[in-house]
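Asks: The structure under discussion is supplied below as structure tokens; questions concerning it will follow.
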Amino acid sequence: MYKAGHVSTLEVLAQTIKPELAHEKECHVGMHPRDSVDSSVRKFPGNGSSFGCYFAPISGIRNINVFGDSEESASDLDDDTSDLPFPEPLTRSSFLAPDFNPADYLSSLTNRHQSLEDLRQELRNLDQALSRELLDLVNENYGDFLSLGSALQGGEEKVEQVRVGLLSFQREVQAIRDKVEARQSDMERLLNEKRRLTGHANIARALLDFAERVEDLEKRLMIGDAPTQHLRESAEGFDTDSDLLDSESEESDEVDLPTGSSGAPLVSLRRLENHIQKYVYLTRLASRIGNDHPFILNQRPRLAKIRATVLVDLKTALEQGSHAGAKRDTKTMAVLRLYKLMGEDTSAVTALKNLKM
């Protein structure tokens, strides 16, 4: 079904071509016998556009022999109108374009061979057809229009009821949203508190572990119980070659030490390596907790004693390795690797210099 807006478009087209009717007398279907053949076909100028119309004579040229033929042949030529292009009827789809413009539409009708009056009459007929269709549409749906008007009576009250209900629903939703946001804030606060307490608990566990390891290492090194010497499990004499780090030999070392080195007990390299590993772990644990933590600062003197005791054991092992005979180089390299594991390269160099002296 076409909209009523198309009627105004057709009226615009009719008003556009109306001024051109003043020149309509120049476009004659029949020509005077005194006119020449060239003047019998004229072009009607459009209204500032390329629109125009062409007209060919149908009859009336009988006394002019253009090509030397007789008057009968000229009359036959005038009466033959079968090859003339006839204009096609205007279609409604031409007026349905969103960007429809009357001037542009008239400019596109340059190939229509018809008079302006015929074009105007065709537009009037199309306008009348659309008006009739619109009237029929209104008449067919007249009852529906009336029922629609009756149904809309009292609609303001219904709209007001819906509006009040919607406002009440919005208030309830806002109240629920406020509760959810408050609960979310509480949850975030509690989660932050939980993370903080979890961090403190982890630090407390690490501090307890640190204190237990320091105490255990002090017991193993006999710090405080025997300040001048450390008892070792050396009842069988010399350690086997399994005490040497990275040693490939499984034979027992039964070589006696020289008489000048029998004053100190033998140092087990495997046990010494275990002590060094525990000490290195304590230093790394202290770094992870924080070296500026009050508890770590309070434990620094104990760590210093452990370090000094381990260095004394390393120095003793280095001196014993220098008197190991054929195993001298192997034991010396094993002790130097323990120095490196502990991070005491400078102390190792000093011990070697003192050993040579």
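This table checks each residue for (1) in the same structural domain as residue 95 (by TED's automatic domain parsing); (2) at pLDDT 90 or above; (3) outside any helix (DSSP H, G or I); (4) not hydroxyl-bearing (Ser, Thr, Tyr).
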residue	(1), (2), (3), (4)
117	yes, no, no, yes
120	yes, no, no, yes
123	yes, no, no, yes
128	yes, yes, no, yes
132	yes, yes, no, yes
137	yes, no, no, yes
145	yes, no, no, yes
159	no, no, no, yes
163	no, yes, no, yes
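Asks: Given 305, 327, 331, which one is in a helix (DSSP H, G or I), in the same structural domain as residue 281 (by TED's automatic domain parsing) and within 60 Å of the chain's Cα centre (by Cα)?
Replies: Working: 327 fails: within 60 Å of the chain's Cα centre (by Cα); 331 fails: within 60 Å of the chain's Cα centre (by Cα).
None of the other options fit; the residue is 305.
Asks: Please pick out the residue among 311, 297, 285 that is assigned by TED's automatic domain parsing to the domain that holds residue 212, without any contact (Cβ under 8 Å) to a residue 12 or more places away in the chain and either within 29 Å of residue 210 (Cβ to Cβ) or not in a helix (DSSP H, G or I) (or both).
Replies: Values: 311 fails: without any contact (Cβ under 8 Å) to a residue 12 or more places away in the chain; 285 fails: without any contact (Cβ under 8 Å) to a residue 12 or more places away in the chain.
It is 297.
Asks: Sort out which residues of the range 315-350 are of a type in the set (A, V, I, L, M) and touching a residue at least 40 places away in the same chain (Cβ under 8 Å), and write them in order of number. Give the derivation first.
Replies: Going residue by residue through the range 315-350, those that are of a type in the set (A, V, I, L, M) are 317-318, 324, 326, 333-336, 338, 341-342, 348-349.
Correct list: 317, 324, 326, 334, 335, 338, 341, 342.
Asks: Just give me the residues in the range 297-319 being surrounded by fewer than 19 Cβ atoms within 10 Å (Cβ to Cβ) and farther than 17 Å from residue 350 by Cβ, in sequence order.
Replies: 297, 298, 299, 300, 301, 302, 303, 304, 305
Asks: Just to check your reading of the model, which residue among 304, 308, 286 is touching a His at 6+ places or on another chain (Cβ under 9 Å) and within 24 Å of residue 219 (Cβ to Cβ)? Can you show your working first?
Replies: Details: 304 fails: touching a His at 6+ places or on another chain (Cβ under 9 Å); 308 fails: touching a His at 6+ places or on another chain (Cβ under 9 Å).
After applying the criteria, what remains is 286.
Asks: Might you let me know whether the range 239-260 holds any residue that is at pLDDT 50 or above, more than 52 Å from the chain's Cα centre (by Cα) and on the phi < 0 side of the Ramachandran plot? Please lay out each step first, then the result.
Replies: Narrowing the range 239-260 to residues at pLDDT 50 or above: none.
No, there is no match, as no residue in the range 239-260 is at pLDDT 50 or above, more than 52 Å from the chain's Cα centre (by Cα) and on the phi < 0 side of the Ramachandran plot.
Asks: Please verify whether the range 320-328 includes one or more residues that are surrounded by fewer than 18 Cβ atoms within 10 Å (Cβ to Cβ), among the polar types (S, T, N, Q) and modelled with pLDDT under 90.
Replies: yes
Asks: So, one more: Scanning for something assigned to a helix (DSSP H, G or I), closer than 30 Å to residue 285 by Cα and not assigned by TED's automatic domain parsing to the domain that holds residue 288, does the range 178-191 turn up at least one residue? Explain how you work it out, then say what you get.
Replies: The initial filter retains those residues of the range 178-191 that are assigned to a helix (DSSP H, G or I), namely 178-191.
Then keep just the ones that are closer than 30 Å to residue 285 by Cα; that gives 190-191.
Add one more test, that the residue is not assigned by TED's automatic domain parsing to the domain that holds residue 288, and what stays is 190-191.
Yes, some residue in the range 178-191 is assigned to a helix (DSSP H, G or I), closer than 30 Å to residue 285 by Cα and not assigned by TED's automatic domain parsing to the domain that holds residue 288.
The values are calculated or read from the model by the stated rules, or taken from the named source; none is laboratory data. Bear in mind the structure is a predicted one, so any value in this text is a computation, not a measurement. Here the Cβ is made from the backbone with ideal geometry for all residues, glycine too, and neighbour counts use every protein chain on show.
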